[in-house]
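Undergrad: Quick one: this structure, given as structure tokens, is what I'll be asking you about.
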Amino acid sequence: QVQLVESGGGLVQPGGSLRLSCAASGIAFRTYTMGWYRQAPGKQRELVAHITSAGNTMYADSVKGRFTISRDNAENTVYLQMNSLKPDDTAVYYCNGHISAHDYWGQGTQVTVSS
């Protein structure tokens, strides 16, 4: 059974930081491209960042220079370090595991940026 379990969300003030974690089980983690997506109320889900099995990374323009994605293959975990958070970053953040025609999703974790 595949499980992706996110943690680390919460309420933070503008300019603050959070680190999201996603622990994966049931997949050959090191072979998957792992990604973080987010969905704000009334908006479509969008890609935030992903990291390939080779460690190559890609970021949405809106988070470049502020967010960093990383992975620990020994721990089957992918992280998203989020710095200089803005109110526009408020959303439910979802972990995704992708390989070939397979996509797996976590249940999401809420991030709220507000003073």
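Undergrad: Counting DSSP beta bridges with both partners in the chain, what percentage is antiparallel, nearest 5? List each step's numbers first, then the result.
TA: Numbers: 39 of 42 bridges.
The antiparallel proportion sits near 95 percent.
Undergrad: Can you check what the net charge comes to around ASN83, using other residues whose Cβ is under 13 Å from the Cβ of ASN83 (Lys, Arg +1; Asp, Glu -1)? Walk me through the intermediate numbers first.
TA: Values: positive: ARG19, LYS64, ARG66, LYS86; negative: ASP89.
It works out to a net charge of +3.
Undergrad: Here is a follow-up. Using a 1.4 Å probe on the protein heavy atoms only, what accessible surface does TRP105 show? Give it in Å² to the nearest 10.
TA: Probe radius 1.4 Å; accessible area of TRP105 about 100 Å².
Undergrad: What figure, in Å² to the nearest 10, do you get for the accessible area of LYS43 with a 1.4 Å probe and non-protein molecules left out?
TA: The value for LYS43 is about 140 Å².
Undergrad: What residues of the range 49-69 lie in the reach of a label at THR31, counting those whose backbone N is under 20 Å from a point 7 Å from the Cα along Cα→Cβ?
TA: Output list for this probe position: 51-56.
Undergrad: Which whole-number value in Å² is the accessible area per residue of the chain, probe 1.4 Å?
TA: Working: 6030 Å² over 115 residues.
In whole numbers, the chain has 52 Å² accessible per residue.
Undergrad: At a 1.4 Å probe radius, carbon and sulfur cover how many percent of the accessible area of the range 22-115? Spell out each step's value before the answer.
TA: Details: 2200 of 4790 Å².
That share works out to 46 percent.
Undergrad: Could I ask something else about it? Check each of the GluC sites (Glu not before Pro) in the range 1-82 and keep only those in coil by DSSP with at most 15 other C-beta atoms within 10 angstrom; list them in order. Numbers along the way, then the final one.
TA: Details: sites: GLU6, GLU46, GLU75; in loops: GLU75.
Those that pass, being in a loop and sparsely packed, are GLU75.
Undergrad: Between GLN1 and GLN44, what's the calculated FRET efficiency when r is the beta-carbon distance and R0 is 30 Å? Round to 0.05. Intermediate results must be reported in sequence, preceding the final value.
TA: Values: r = 28 Å, r/R0 = 0.94.
E between GLN1 and GLN44, to the nearest 0.05, is 0.60.
The values are calculated or read from the model by the stated rules, or taken from the named source; none is laboratory data. Model, not experiment: these values are computed from the prediction. Backbone-built Cβ (ideal geometry, glycine too); neighbour counts: all protein chains shown. Calculation scope for accessible area: heavy atoms of the full protein, side chains included, ligands and nucleic acids excluded. Shrake-Rupley method; radii C 1.70, N 1.55, O 1.52, S 1.80 Å.
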